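Below is one structure, written out as structure tokens, with a few remarks after it.
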Amino acid sequence: MEDRRQLVLDTWMFRHACKKFDASRSVPDEDFAVILEAGRLSPSSFGFEPWQFLVLENRMLWEKLHPVCWGAQNCFDGASRFVVLLARKKADMVHDSDYIRHIMEGVQKLPSDIQEQRKSKYENFLKNDFTLLKSDRAVFDWACKQCYIALANMLTAAALMGIDSCPVEGFVRQDAERVLAGEGLLDISHFGVAVMAGFGYRAAEPRPKTRQSAESVVQWC
């Protein structure tokens, strides 16, 4: 048990937002498959998986995104893999959408009576508990939050295998979506860009990790 605890801590001490990747090293397909699987298996509210992962392998596409993704330029200049996490929009996330019906019926395999119960509970959650239906952006932002759960698990899975990563929020969303839509990779009526991430190997050791103390961020009640 002590070894497991130390493994967890060592993994988090290893992980950092890599600012300079070694362009000569590639993440093996088998390892990258595990990273993607960590994202796919991540938890989501109601188990509705409001995400899609775009693995951008075409380097010409990296070049097109380069001017509008200022926070990703270090990834484009040396990372081995690059992923764009898309979040579903209101059209898919309302309680009576085709997508929600597909998840409950085709993925979760719920009986019809249970589907109706969950749909009613989900509708109440959207309207009253979290009051998300006041705007399209509110629903999209809620879906984005869940994409960050998948992102975090992908980053941690990478670190466990000694692979570096860099989460990216530094992009002009509208312009990035325009590029992806122009390539036929994004249907803007159903998806928007939530966050991005590059994966590879560090070119040099990072500076020591800095964080607030446990006493500053943990409150015991």
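The table below gives the values:
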quantity	calculated
Selected from ASN58, SER80, PHE140, residue furthest toward positive end of dipole (the range 54-158; charges at beta carbon)	PHE140
Dipole of the range 125-221, positive end: most advanced residue of HIS190, TRP220, ALA176 [Cβ charges, Cα centre]	TRP220
Of LEU110, LEU65, LEU151, the one that fluctuates the most in a GNM where the chain has Cα springs shorter than 10 Å	LEU110
Carbon/sulfur fraction of accessible area - the chain, other protein chains in place, 1.4 Å, %	53 percent
For LYS209, net neighbour charge (Lys/Arg +1, Asp/Glu -1) across residues whose Cβ lies under 15 Å away	+2
Candidates per chymotrypsin sites (Phe, Trp or Tyr not before Pro) in the range 131-221, loop by DSSP, up to 13 other Cβ within 10 Å	TRP220
Largest-first ordering by accessible area, 1.4 Å probe, given options ASP22, ASP98	ASP98, ASP22
For ALA138, net neighbour charge (Lys/Arg +1, Asp/Glu -1) across residues whose Cβ lies under 12 Å away	+4
Accessible-area value, LEU9, 1.4 Å probe, nucleic acids and ligands omitted, Å²	100 Å²
Probe 1.4 Å - accessible area at GLU49, Å² to nearest ten	60 Å²
The range 1-43 - charge dipole about Cα centre, Lys and Arg +1 at Cβ, Asp and Glu -1, debye rounded to 20	300 debye
Residue-normalised accessible area of the chain, expressed per residue, 1.4 Å probe, Å²	57 Å²
Cα pair distances of the range 84-128 binned at 5 Å [whole percent]	5, 22, 28, 25, 13, 5, 2, 0
The range 112-221: Cα Rg divided by the 2.2 N^0.38 Å rule of thumb	1.46
Relative contact order (percent, whole number), the chain, Cα cutoff 8 Å, 6+ residue spacing	36 percent
Cα centroid of the range 89-121 to Cα centroid of the range 129-164, whole Å	20 Å
Value at 222 nm in deg cm²/dmol, rounded to 500, when DSSP H runs of n ≥ 4 in the chain each add -39,500 (n - 2.57)	-12500 deg cm²/dmol
Within a Gaussian network of the chain (alpha carbon springs, distance under 10 Å), most fluctuating of VAL139, VAL193, VAL107	VAL107
Given charges at beta-carbon only (K, R positive; D, E negative), |dipole| of the range 67-138 in Debye	120 debye
Estimated vicinal HN-Hα couplings, Hz - the range 26-36 in sequence order (Karplus 6.51, -1.76, 1.60; Gly, Pro = x)	10, 6, x, 4, 5, 6, 5, 4, 5, 4, 5
Estimated D of the range 50-109 in µm² per second, where Rh is the Kirkwood radius over Cα pairs and Stokes-Einstein applies at 37 °C, 0.692 mPa s	238 µm²/s
At 1.002 mPa s and 20 °C, Stokes diffusion of the chain via Kirkwood alpha-carbon radius, µm² per second	112 µm²/s
Debye, to nearest 20: dipole size of the range 152-191, +1 on Lys, Arg Cβ, -1 on Asp, Glu Cβ	60 debye
Between 0 and 90°, nearest 10: helix 136-160 axis offset from the chain longest Cα axis	40 degrees
Computed Kirkwood radius, in angstrom, where 1/r is averaged over Cα pairs of the range 1-110	17.1 Å
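The values are calculated or read from the model by the stated rules, or taken from the named source; none is laboratory data. Note that the structure is predicted; figures quoted are calculated from it, not measured. Using ideal geometry, Cβ is built from the backbone for each residue, glycine included, and neighbour counts are taken over all protein chains shown. Ligands, DNA and RNA are stripped out before the accessible areas are found, and what is left, the full protein with its side chains, is counted by its heavy atoms. Shrake-Rupley method; radii C 1.70, N 1.55, O 1.52, S 1.80 Å.
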